[in-house]
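K.L.:
Questions regarding the structure given below will be posed in turn.
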């Protein structure tokens with residue numbers, strides 16, 4: 001079980017000591033303490049500082065030796081040259097877990113290299129210390145404490161994020177942190193995030209071993225710059241992927257990319273073609289794009305996997321329908337012509353101007369009940385498609401309210417502003433039946449509206465569980481990769 005894995009202690013410490021914090025807020029360590037406060041962490045916090053008596057309201061100690069207990073976790077943000085000394089002091093104290101934020105250990109500075117990594121590894125081995133880093137941002141646990149208490153253990157993500165069961169392990173602190181700066185427009189949520197940096201002691205493989213049995217992780221996202229234990233990584237990926245999909249970004253392989261990585265982390269990378277073979281063999285969903293990384297995770301997080309790659313398209317405008325169909329087939333999805341029987345059924349409810357072969361083009365018809373509910377249900381029940389993309393879930397009331405802001409229009413208009421509670425009720429009435437059918441028939445449905453995510457109608461759709469995109473390229477691209485994963489998973493289950 002994950003509770004017995006050594007990483008569990010990093011994510012669930014009852015006490016933490018932090019080197020390098022101050023009250024000015026101009027250090028990573030200060031930000032970490034402020035994040036602990038912001039996230040509701042109720043464990044003991046021990047700032048370590050030679051001169052300050054308090055840091056952010058917590059009593060400061062001159063050294064780890066002065067702390068009244070052995071902290072469950074120590075975080076270090078100090079110049080690299082003093083870190084070996086700090087490691088030894090922590091070892092003497094009895095500390096067993098360290099997060100080493102500091103850089104300057106394996107990175108190249110001009111033509112010079114240093115041996116600091118070897119020094120701290122030797123000290124860690126001597127005292128039985130496990131450490132994350134160096135050159136990382138640390139750990140995040142959105143399921144800290146009892147499930148019913150909404151609080152987290154957070155030392156590096158600035159925003160309060162909603163809970164999900166999507167977990168990240170990343171060799172880049174930025175990918176594990178910066179992508180969460182806009183939670184209002186990101187419906188994904190986060191469970192755990194482990195920023196492993198240069199992997200001097202703990203690596204991506206260790207993270208996968210933990211996530212494999214973690215009940216709060218159902219989807220895994222990884223960012224890789226190099227693989228130290230390629231064979232074990234492949235074994236784990238094969239074992240995990242049939243149960244928990246792994247989404248991977250690999251950076252390297254190009255001359256410029258490898259040069260940047262070597263100066264950034266000292267990483268020795270290989271040709272990306274070598275890594276290309278790993279996802280195909282292990283069923284990993286690979287992407288080169290951060291937005292696609294998040295899109296795939298969002299779709300998977302709803303727990304509804306398509307059974308195959310047949311796509312049904314519903315639209316209220318011909319152009320987007322054609323572009324969705326074209327892009328879908330280019331990415332390996334099938335847009336089947338619907339059977340004669342199904343076409344006849346659709347004819348009975350569609351206007352005479354509509355197209356019903358697939359894509360189904362309603363041509364701006366305003367019958368919302370059949371657009372949001374009836375058409376998706378007919379397709380889902382038919383057995384002829386495995387997923388649906390629906391374009392045109394526009395908030396017409398939002399548009400009308402804008403028109404009503406003009407006096408010359410308002411005094412003649414035979415329509416009026418609708419109170420928020422009426423719009424709330426309408427969104428629930430139109431969306432919930434289709435969400436239920438999506439689960440019932442195991443057919444994911446992705447909705448598209450060209451309007452801003454924060455318009456009132458878009459917010460209501462998202463609130464009711466809609467997977468919403470602004471334009472049509474992204475959902476097609478993400479869905480195509482998920483269908484490849486489904487095919488891999490199906491073949492693995494057949495073999496077993």
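The values are calculated or read from the model by the stated rules, or taken from the named source; none is laboratory data. Source: prediction; values computed, not measured. Quick reminder, even Gly has a Cβ in these numbers, built from the backbone with ideal geometry, and neighbours come from all protein chains shown.
K.L.:
What residue, of 458, 438, is touching a residue at least 60 places away in the same chain (Cβ under 8 Å), part of a helix (DSSP H, G or I) and either within 22 Å of residue 323 (Cβ to Cβ) or outside the structural domain of residue 321 (by TED's automatic domain parsing) (or both)?
P.N.:
Answer to the check: 458.
K.L.:
May I ask you to list the residues in the stretch 151-184 that are more than 16 Å from residue 198 (Cβ to Cβ) and free of Cβ contacts under 8 Å to residues at least 60 places away in the same chain?
P.N.:
Correct list: 159, 161, 162, 163, 167, 168, 177, 178, 180, 181, 182, 183.
K.L.:
Under the condition of being assigned to a helix (DSSP H, G or I) and within 21 Å of the chain's Cα centre (by Cα), which residue from the stretch 209-237 is nearest to residue 282 (Cα to Cα)?
P.N.:
Looking at the filtered set, the residue picked out is 237.
K.L.:
Quickly run through the stretch 452-473 and pick out the residues that are buried (at least 18 other Cβ atoms within 10 Å of the Cβ) and over 17 Å from residue 420 (Cβ atoms).
P.N.:
Of everything in the stretch 452-473, those that are buried (at least 18 other Cβ atoms within 10 Å of the Cβ) and over 17 Å from residue 420 (Cβ atoms) turn out to be 466, 467, 468, 469, 472.
K.L.:
List pairs: first in the stretch 394-417 and closer than 19 Å to residue 368 by Cβ and in the same structural domain as residue 457 (by TED's automatic domain parsing), second modelled with pLDDT of 85 or more and surrounded by fewer than 10 Cβ atoms within 10 Å (Cβ to Cβ), Cβ under 7 Å, 6+ apart or cross-chain?
P.N.:
none
K.L.:
Taking the stretch 283-293 as the search range and keeping residues that are buried (at least 19 other Cβ atoms within 10 Å of the Cβ) and assigned to a loop (DSSP other than H, G, I, E, B), which one is farthest from the chain's Cα centre (by Cα)?
P.N.:
283
K.L.:
In the stretch 327-372, how many residues are within 28 Å of residue 487 (Cβ to Cβ), more than 28 Å from the chain's Cα centre (by Cα) and without any contact (Cβ under 8 Å) to a residue 12 or more places away in the chain?
P.N.:
Residues that pass the stated criteria total 1.
K.L.:
Right, something else. Consider residue 433 carefully, then state whether it is in the same structural domain as residue 476 (by TED's automatic domain parsing), farther than 24 Å from residue 402 by Cα and more than 26 Å from the chain's Cα centre (by Cα).
P.N.:
Spelling it out, residue 433 is indeed in the same structural domain as residue 476 (by TED's automatic domain parsing), farther than 24 Å from residue 402 by Cα and more than 26 Å from the chain's Cα centre (by Cα).
K.L.:
Quick one: residue 441 ticks every box in (1) closer than 19 Å to residue 313 by Cβ; (2) touching a strand residue (DSSP E or B) at 6+ places or on another chain (Cβ under 9 Å) except a single one, so which number is it?
P.N.:
Of everything listed in (1) closer than 19 Å to residue 313 by Cβ; (2) touching a strand residue (DSSP E or B) at 6+ places or on another chain (Cβ under 9 Å), residue 441 misses just condition (2).
Let's see how each residue does on (1) surrounded by fewer than 19 Cβ atoms within 10 Å (Cβ to Cβ); (2) touching a residue at least 40 places away in the same chain (Cβ under 8 Å):
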{"site": "46", "(1), (2)": "no, no"}
{"site": "55", "(1), (2)": "no, no"}
{"site": "64", "(1), (2)": "no, yes"}
{"site": "78", "(1), (2)": "yes, yes"}
{"site": "94", "(1), (2)": "yes, no"}
{"site": "118", "(1), (2)": "yes, no"}
{"site": "121", "(1), (2)": "yes, yes"}
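K.L.:
Can you confirm whether residue 423 is buried (at least 16 other Cβ atoms within 10 Å of the Cβ) and more than 28 Å from residue 332 (Cα to Cα)?
P.N.:
It is true that residue 423 is buried (at least 16 other Cβ atoms within 10 Å of the Cβ) and more than 28 Å from residue 332 (Cα to Cα).
K.L.:
Would you check which residues across the stretch 238-252 are part of a helix (DSSP H, G or I) and surrounded by fewer than 17 Cβ atoms within 10 Å (Cβ to Cβ) and list them?
P.N.:
238, 239
K.L.:
Could I ask something else about it? Read through the list (1) at pLDDT 90 or above; (2) over 25 Å from residue 48 (Cα atoms), then give the number of the only condition that residue 138 fails.
P.N.:
In the conditions (1) at pLDDT 90 or above; (2) over 25 Å from residue 48 (Cα atoms), residue 138 misses (2) alone.
K.L.:
With the condition kept exactly as written, say whether any residue in the stretch 180-187 is more than 24 Å from residue 242 (Cα to Cα), in contact with a strand residue (DSSP E or B) (Cβ under 9 Å, 6 or more places away or on another chain) and surrounded by 20 or more Cβ atoms within 10 Å (Cβ to Cβ).
P.N.:
Checked against the condition, which is being more than 24 Å from residue 242 (Cα to Cα), in contact with a strand residue (DSSP E or B) (Cβ under 9 Å, 6 or more places away or on another chain) and surrounded by 20 or more Cβ atoms within 10 Å (Cβ to Cβ), the stretch 180-187 yields at least one hit.
K.L.:
Something else: In this structure, does residue 190 turn out to be crowded, with 22+ Cβ neighbours inside 10 Å, within 18 Å of the chain's Cα centre (by Cα) and within 21 Å of residue 485 (Cβ to Cβ)?
P.N.:
It is true that residue 190 is crowded, with 22+ Cβ neighbours inside 10 Å, within 18 Å of the chain's Cα centre (by Cα) and within 21 Å of residue 485 (Cβ to Cβ).
K.L.:
Just need a number here: residues in the stretch 329-344 that are part of a loop (DSSP other than H, G, I, E, B) and surrounded by fewer than 12 Cβ atoms within 10 Å (Cβ to Cβ).
P.N.:
Matching residues across the stretch 329-344 total 1.
K.L.:
So is residue 487 under 15 Å from residue 285 (Cα atoms) and more than 18 Å from the chain's Cα centre (by Cα) or not?
P.N.:
Judged against the criteria, residue 487 is a match.
K.L.:
Provide a single number: the residues in the stretch 1-23 that are under 22 Å from residue 82 (Cα atoms) and part of a loop (DSSP other than H, G, I, E, B).
P.N.:
We begin by selecting, within the stretch 1-23, every residue under 22 Å from residue 82 (Cα atoms); these are 16-23.
Now narrow it down to the ones that are part of a loop (DSSP other than H, G, I, E, B): 20-23.
Residues flagged as under 22 Å from residue 82 (Cα atoms) and part of a loop (DSSP other than H, G, I, E, B) within the stretch 1-23 amount to 4.
K.L.:
Also, I was wondering about something else. Would you confirm, using the coordinates I've provided, whether residue 99 is under 28 Å from residue 163 (Cα atoms), surrounded by 21 or more Cβ atoms within 10 Å (Cβ to Cβ) and out of contact with any helix residue (DSSP H, G or I) (no Cβ under 6 Å at 6 or more places or on another chain)?
P.N.:
yes
K.L.:
Can you go through 176, 195, 167 and tell me which one is out of contact with any helix residue (DSSP H, G or I) (no Cβ under 9 Å at 6 or more places or on another chain) and either buried (at least 22 other Cβ atoms within 10 Å of the Cβ) or not assigned by TED's automatic domain parsing to the domain that holds residue 76 (or both)?
P.N.:
176
K.L.:
If only one of 296, 313, 304 is farther than 23 Å from residue 378 by Cβ and either within 27 Å of the chain's Cα centre (by Cα) or touching a residue at least 24 places away in the same chain (Cβ under 8 Å) (or both), which one is it?
P.N.:
On the way: 313 fails: farther than 23 Å from residue 378 by Cβ; 304 fails: farther than 23 Å from residue 378 by Cβ.
It is 296.
K.L.:
Also, I was wondering about something else. Output the residue which, of all residues in the stretch 137-148 that are over 15 Å from the mean Cα position of the chain (by Cα) and in contact (Cβ under 8 Å) with a residue 60 or more places away in the chain, is surrounded by the fewest Cβ atoms within 10 Å (Cβ to Cβ).
P.N.:
145
K.L.:
When residues of the stretch 371-387 are filtered for being surrounded by fewer than 23 Cβ atoms within 10 Å (Cβ to Cβ) and either not assigned by TED's automatic domain parsing to the domain that holds residue 325 or not in a helix (DSSP H, G or I) (or both), how many remain?
P.N.:
Here the count works out to 2.
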